[in-house]
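The values are calculated or read from the model by the stated rules, or taken from the named source; none is laboratory data. Fair warning: this is a prediction, and the values are worked out from it, not measured in the lab. So basically every Cβ, Gly included, is an ideal-geometry build from the backbone, and we count neighbours across all protein chains shown. Just so you know, the surface numbers come from the protein's heavy atoms only, side chains and all, with ligands and any DNA or RNA stripped out. Shrake-Rupley method; radii C 1.70, N 1.55, O 1.52, S 1.80 Å.
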Amino acid sequence: MWVLIWAALLLSLTERATCKNEAPAAAYNITFSPAEITPQTGLCAVIPCSFTHPDDFIPRIAIWFKCPDARCSIKVEIDSILHSRNPSKAQEGYRRRASLLETDLTKKNCSMIINDITKTDAGDYQLRLSGTFNSGNRNKSTFREKIKIAVKALTQKPSVLTPPLTEGEPATLTCTAPGICSGTPPNITWTWRGTGDNITELRDNTTIQKREDLTSVTTTHFSTLTFTPSAEHHTTKVTCQVTFKGNITTEETVTLNVTQELSKDILAMLSNPPLVAAFVIGSATICCIFLCLTGKCKRCKERIPKDSDSKSSFTNVAMVACEDQQTDAWRAVWGEQTPLQVVLMEGAENGGPHTSGAAGTLPKGKNQKMCTTPLSTTPN
């Protein structure tokens, strides 16, 4: 008998020790990172949030509250700003502005976005989870931790993308509004400032679009402006102004730098080979006429003796070969050698031009004039 009693007691103690070593069920915890966010008016506030719960608990409903006081004495019927199951239970001013980033609560993501932020949104916020246990029992748990929203004035500016601008070539400017908010679409306008105080609002070639970035509740808004740059646009300024709900505005100004090309008339001429050939021939003709009128001659200098006596002094003689300028210029245009070029080339090959007496001798049958002009006399 005593053996059975001691055996039963030992078994009871062993079971108790085993139960103490079992891992406890996960508790209700919530994490905000960071603990305070500072959205700007007109934009949106994204509250990053995650939570844990007991393993046998299934979350069904998420309810966000805005604390009415420092103690956060909330009342469900008055202070709720988001109800994942029944949006009509949220405050009127938040029904269309507040939403969860992830609607599947089993992923333990309680992040929330509030669009069209105003100064009245500043304050502390709390989360409550409502769900059931595996046993079927219901439970509601309000997390004690709070997150603070401190609203700041709008300082962010739109981003204006300007491609390289070339005169006569169409270009597109892009203006992206700040924020990734899916609330009320902002109003985006373009203005062009010319010389002086001349300001023109551009409307005809603008389009406003939105781009889904992260989820169905986060969106960027942008506008494009398409125009054809001209010389008058160079160094002028273009401004993109973004106006959010509540008449909250921000803007960015860029200076245009337009690169000028050749005129269209010159480009058309260069693309027409017959026209280019005519232009070259005409220019060559004008050049030949100019050379003929100026009577430009090439001079060749040679020192020759005054007489046959080698001891006599030499006289510097300038040989001037004056050819028919118009004829030779025309030959030069078409790549032919002129008589003077032939003589000079032969002279260069034989150590200088051939002369006979004072004047020398040049090939006959050419339309030339030969003249000699004494320049100076130097003693032997």
Exactly one of T172, T155 is under 18 Å from the mean Cα position of the chain (by Cα) and farther than 19 Å from A98 by Cα, and that one is T172
Can you name every residue in the range 95-108 that is surrounded by 19 or more Cβ atoms within 10 Å (Cβ to Cβ) and within 21 Å of S182 (Cα to Cα)? R97, A98, S99, L100
With the requirement that a residue be among the small types (G, A, S) and over 18 Å from I47 (Cβ atoms), what does the range 125-151 give you? S130, G131, S135, G136, S141
Criterion violated by I61 - all others in (1) within 48 Å of the chain's Cα centre (by Cα); (2) part of a helix (DSSP H, G or I) satisfied: (2)
Whether any residue in the range 109-119 is surrounded by fewer than 19 Cβ atoms within 10 Å (Cβ to Cβ), under 20 Å from T31 (Cα atoms) and of a type outside the set (F, W, Y) is what I want to check. yes
Enumeration of residues in the range 83-123 that are in a loop (DSSP other than H, G, I, E, B) and among the polar types (S, T, N, Q): S84, N86, Q91, T103, S111, N115, T118
Check on K245, at pLDDT 75 or above, within 27 Å of the chain's Cα centre (by Cα) and not small (G, A, S): no
Unmet requirement for L214, which otherwise passes all of (1) open to solvent by 80 Å² or more (accessible area, probe 1.4 Å); (2) at pLDDT 90 or above; (3) among the aliphatic types (A, V, I, L, M): (2)
Which one is nearest to N134 (Cα to Cα) among residues in the range 64-82 that are open to solvent by 70 Å² or more (accessible area, probe 1.4 Å) and part of a loop (DSSP other than H, G, I, E, B)? K75
